[in-house]
Amino acid sequence: MSRIYLDNAATSWPKPDSVYAAIDHAQRVLGAPAGRGAYYEANDASRIVDHARNEVAKLINAPKSRNIAFTFNGTDSLSTAILGLLKNGDHVVTTVVEHNSVLRPLNHLQGEGLIEVTCVGCDEEGFVDVNEIIASIKPNTRLLVVNHVSNVTGSIQPVDTLKERLAVLENQKIVFLLDAAQSLGHIPVDIQELGCDILASSGHKGLLGPLGTGLIYLSDRIVNSVNPLRFGGTGTEGSVEFQPEQMPDRFESGNLNVPGIAGVHAGIRFLNSTEGLELRARRHANAARLLQGIREIPGVQIHGAKEMGQRIGVFSFNISGWDCHEVASILDANWAIQTRAGRHCAPLIHRALGTEPDHGTVRLSVGLFTTLEQADLVLESIAKLADQSGR
Ligand SMILES: Cc1ncc(COP(=O)(O)O)c(C=O)c1O
């Protein structure tokens, strides 16, 4: 049985051939660090990193590519933003939809008595209410962290009105941090239109890069208010004993993951290629088929946005009478359908969805290479399990 990989929200697989080729070239042919040598291969490694930075800037409509730094994953980007920005006495507004990579650094700072956190709820489709976010802002609110697309429900949060709502507030020191780990590569993300000051993302999910890649964008307005987590060599200003203040060096200490960044570069280029655009349309069509199909199976509860226009192909469901871990194990054992069961590192949303007593949900996340036949086999398999609910 060949594997039917439906865990693309964790990390995308397979990657396009051009991504494997770019990683292999960086490893096997270049084998050199970026920003550190003047020989041919080292220059080429630096060039690849520059091109990747430009490609990310174009993707998110960042005014300058140097405001983007490469990190090791989405968690690294979020910790950089949260731990680097917040100070004693700050208040933070966030949501129950957030991933632990947001909740845990916030809870750590709150546990130390340094900050206060307000967590806004969501409705049964997993949507947060922008009015509630705005109403939670206080004079000492320094940070607003919002998940763009939930890794549990796939619901796209209505963040497009936040910019105007924040602009009219008296408190103008609020930093808007968008967790775009599940949105980049799936839906358009324009940081200028959204008015976000910081965008944090993985590079290995929708952007199709390898594991061990991530990125962070910081606007000029706030970049100097965010302290780096890591200090060290940057290949620049070698005689200066302090961390360079300018981007991207401020957040890029130590040798960069050149093979990984080369993979992200190739991944974004693939997404924008003719083939990539066709596969994205197919991914959307397969997701729509799964949404409709799962919804029609008796005994199955599917969570998140009901309309395909308000979500991506990340689906959480439960089958009456089955434990979610049991479902995931049987799907894998019987049909090599690889899903994920549990809380998906987002513990708070399960209270809102009512999936806490079930220990979470089964999650299917569609990828660029998921086929229609695979989607249909998944539907048949879920229906078979649901049929045995009264076993
Ligand atoms: C919404 C969200 N934010 C952040 C992360 C963390 O990203 P990474 O796994 O790259 O650390 C994830 C990972 O699943 C995620 O889904």
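The table below lists the values:
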{"item": "Matching option when the condition is within 28 Å of P158 (Cα to Cα) and touching a strand residue (DSSP E or B) at 6+ places or on another chain (Cβ under 7 Å), among G360, G354", "result": "G360"}
{"item": "Unique match (being within 13 Å of the chain's Cα centre (by Cα) and in contact (Cβ under 8 Å) with a residue 12 or more places away in the chain) among G206, G195", "result": "G206"}
{"item": "So D76, is it within 12 Å of the ligand (Cβ to nearest atom) and more than 20 Å from I349 (Cα to Cα)", "result": "yes"}
{"item": "Scan of the range 232-269 for residues that are among the aromatic types (F, W, Y) and open to solvent by 20 Å² or more (accessible area, probe 1.4 Å), ordered by number", "result": "F242"}
{"item": "Tally, over the range 120-153, of residues that are under 25 Å from N171 (Cα atoms) and either free of Cβ contacts under 8 Å to residues at least 12 places away in the same chain or surrounded by fewer than 17 Cβ atoms within 10 Å (Cβ to Cβ) (or both)", "result": "8"}
{"item": "Only listed residue being farther than 28 Å from P259 by Cβ and of a type in the set (S, T, N, Q), chosen from S202, S219", "result": "S219"}
{"item": "Matching option when the condition is within 16 Å of the ligand (Cβ to nearest atom) and closer than 25 Å to G267 by Cβ, among R311, R283", "result": "R311"}
{"item": "Residues that are more than 10 Å from the ligand (Cβ to nearest atom), small (G, A, S) and closer than 23 Å to L85 by Cα, drawn from the range 174-210", "result": "G195"}
{"item": "Selected residue [of a type in the set (V, I, T), within 12 Å of the ligand (Cβ to nearest atom) and not in a loop (DSSP other than H, G, I, E, B)] from V146, V152", "result": "V146"}
{"item": "Subset of the range 326-372 [modelled with pLDDT under 95, away from the ligand (no atom under 16 Å from the Cβ) and either open to solvent by less than 40 Å² (accessible area, probe 1.4 Å) or in a loop (DSSP other than H, G, I, E, B) (or both)]", "result": "G354, T355, E356, P357, D358, H359"}
{"item": "Test: residue in the range 215-236 that is under 13 Å from the mean Cα position of the chain (by Cα) and at pLDDT 95 or above", "result": "yes"}
{"item": "Which numbered condition L229 misses (of (1) farther than 30 Å from A21 by Cβ; (2) open to solvent by 10 Å² or more (accessible area, probe 1.4 Å); (3) touching a residue at least 40 places away in the same chain (Cβ under 8 Å); (4) away from the ligand (no atom under 16 Å from the Cβ))", "result": "(4)"}
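The values are calculated or read from the model by the stated rules, or taken from the named source; none is laboratory data. Every value quoted in this text rests on a predicted model; they were computed, and no experiment measured them. Cβ coordinates were reconstructed from backbone atoms using ideal geometry, including for glycine residues, and neighbour counts include every protein chain displayed. Only protein heavy atoms, including side chains, enter the accessible area calculation; ligands, DNA and RNA are left aside. Shrake-Rupley method; radii C 1.70, N 1.55, O 1.52, S 1.80 Å.
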